[in-house]
Amino acid sequence: MTSNLFTPITLRGTTIPNRIWMAPMCQYSADDTGPATGAPNDWHLQHYGSRAAGGPGLILVEATAIAPEGRISPMDLGIWNDTQVEAHRRITAFMRGQGVVPGIQIAHAGRKAATDGLGRSRGTLSADDGGWDVVGPSPIAFDGDHAVPHELTVAEIQGVVTAFAEAAKRALAAGYEVVEVHGAHGYLVHEFLSPVANHRDDAYGGDFERRARLPLEIADAVRAAVGEQVPVLFRLSATDWIEPEGWTADQTVRLAALLREHGVDLVDVSTGGNLPDAVIPSGPGYQVPFAERIRRETGMPTAAVGIITEVQQAEKIIADGGADAVLLGRELLRNPYWPRQAAHELGEEHPLPRQYRRAERKPA
Ligand code: FNR
């Protein structure tokens, strides 16, 4: 009998060997000055390398900036130049060698850019501390510690769309086989969606259709950039956790249906991040109901994320139709071998890398 977690899934031209995927998680470990700015280094190779050896089906490399000003922190990864592309290749080649599909999340942090990723200070960094002018849909700061963003002009918005498309092309050149657009957690795309952050009254703000315009343009541009064979994923925050004033679950369902028409293959369903004081009822699998609803009401495949830590819990999410895949974040930081242990528990074959075969069974 084949388990649900170890049933492969095919999205467009790519078959992902199992449903246990690694969630994107920023490492804030790239150089922030010099020619290697934003390029993955030894830390990233060992970090993604160890997780690849653990045997997830897909690894989504952390939020990787489409442009320097789109970084969450000065130490974010980037994919806006060829030096970065070259450095990513080492990582994607290693993942592929372990039988893992390499994926990447491409991102723009909008009004939440230019912070200290290591938590040494709150809010936007000053220029003296390596910060820069942040941008957003409207001149509304995330909170009192964050700078008021420059309101993007329509021409600048078009520049963002183009930068997403170019980043997607570079991602393929770097060896990635899946591209995820970061549309969640209060970063630029989510800021356009949410009436909390978007007070525009032009073609990119106002009613649902206009707030959804930027994500749909990005979806179109990324699809055109990667061609018909490459899966495109879209991460959304399904709710701002302030309804009805904020971005809501109902609107997420509407958007997911539209994204499907605009060439997106799967929605990665998270929540929150757009309001500093939202109360989030977190607990095991707390975001799964959103992934389940989107899947049921729109037919769009989904991935569920958030406190999924137990094998039987993950297996049941897939079995019950809660999602098409589960994304594990912190659990894979604690335990890179979780997917192989899950296989063992479910009676599946998922042997250790050949270098480790003599450790496959504990001596009696
Ligand atoms: C994250 N998360 C995150 N999300 C995202 O979309 N892009 C990112 O780059 C990051 N970065 C990041 C770094 C670290 C250290 C953590 C712990 C989390 C959120 C992450 O993908 C995931 O949604 C949450 O961690 C919830 O899943 P878990 O950790 O409960 O499995």
Hits in the stretch 281-297 (condition: surrounded by fewer than 20 Cβ atoms within 10 Å (Cβ to Cβ) and away from the ligand (no atom under 16 Å from the Cβ)): Glu292, Arg293, Arg296, Glu297
Near pairs, Cβ below 6 angstrom, 6+ apart or cross-chain, from the stretch 325-342 (closer than 19 Å to Ala303 by Cβ and of a type in the set (Val, Ile, Thr)) to any residue that is part of a helix (DSSP H, G or I) and at pLDDT 95 or above: Val326/Ala314; Val326/Ile317
Some residue of the stretch 75-97 being over 16 Å from the mean Cα position of the chain (by Cα), within 14 Å of the ligand (Cβ to nearest atom), assigned to a loop (DSSP other than H, G, I, E, B) and surrounded by fewer than 24 Cβ atoms within 10 Å (Cβ to Cβ): yes
Filter result (within 16 Å of the ligand (Cβ to nearest atom) and without any contact (Cβ under 8 Å) to a residue 60 or more places away in the chain) within the stretch 13-45: Gln27, Ser29, Ala30, Gly38, Pro40, Trp43, His44
Matching residues, the stretch 173-197, being assigned to a helix (DSSP H, G or I) and either within 15 Å of the ligand (Cβ to nearest atom) or touching a strand residue (DSSP E or B) at 6+ places or on another chain (Cβ under 8 Å) (or both): Leu188, Val189, His190, Glu191, Leu193
Members of the stretch 303-315 that are in contact with a Gly (Cβ under 8 Å, 6 or more places away or on another chain) and either at pLDDT below 95 or not aliphatic (A, V, I, L, M) (or both): Gly306, Gln313
Condition broken by Leu332, with the remaining ones in (1) more than 15 Å from Met22 (Cβ to Cβ); (2) part of a helix (DSSP H, G or I); (3) aliphatic (A, V, I, L, M); (4) within 16 Å of the ligand (Cβ to nearest atom) satisfied: (1)
Set Arg210, Arg223, Arg200, Arg235: member being in contact with a Gly (Cβ under 8 Å, 6 or more places away or on another chain), more than 16 Å from the ligand (Cβ to nearest atom) and not in a loop (DSSP other than H, G, I, E, B): Arg223
Hits in the stretch 1-25 (condition: part of a loop (DSSP other than H, G, I, E, B), of a type in the set (A, V, I, L, M, F, W, C) and crowded, with 20+ Cβ neighbours inside 10 Å): Leu5, Phe6, Ala23
Pick from the stretch 335-350, criterion among the charged types (D, E, K, R) and part of a helix (DSSP H, G or I), ranking: nearest to the chain's Cα centre (by Cα): Arg340
Considering residues of the stretch 257-266 that are over 15 Å from Arg12 (Cβ atoms) and in contact with a Leu (Cβ under 9 Å, 6 or more places away or on another chain) only, the residue nearest to the ligand (Cβ to nearest atom): Leu258
Residues located in the stretch 312-329, provided they are farther than 15 Å from Gly57 by Cβ, more than 13 Å from the ligand (Cβ to nearest atom) and more than 20 Å from the chain's Cα centre (by Cα): Gln312, Lys316, Ala319, Asp320, Gly321
Close pairs (7 angstrom Cβ cut-off, 6 or more residues apart or separate chains): touching a residue at least 40 places away in the same chain (Cβ under 8 Å) and within 8 Å of Gly285 (Cα to Cα) in the stretch 302-313, near the ligand (Cβ under 10 Å from one of its atoms) and polar (S, T, N, Q) anywhere: Val305/Ser270; Val305/Gln287
Test: residue in the stretch 123-139 that is at pLDDT 95 or above, in a loop (DSSP other than H, G, I, E, B), among the hydrophobic types (A, V, I, L, M, F, W, C) and in contact with a Gly (Cβ under 9 Å, 6 or more places away or on another chain): yes
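The values are calculated or read from the model by the stated rules, or taken from the named source; none is laboratory data. Model, not experiment: these values are computed from the prediction. With ideal geometry, Cβ positions are generated from the backbone for all residues, glycine too; neighbour counts draw on all protein chains shown.
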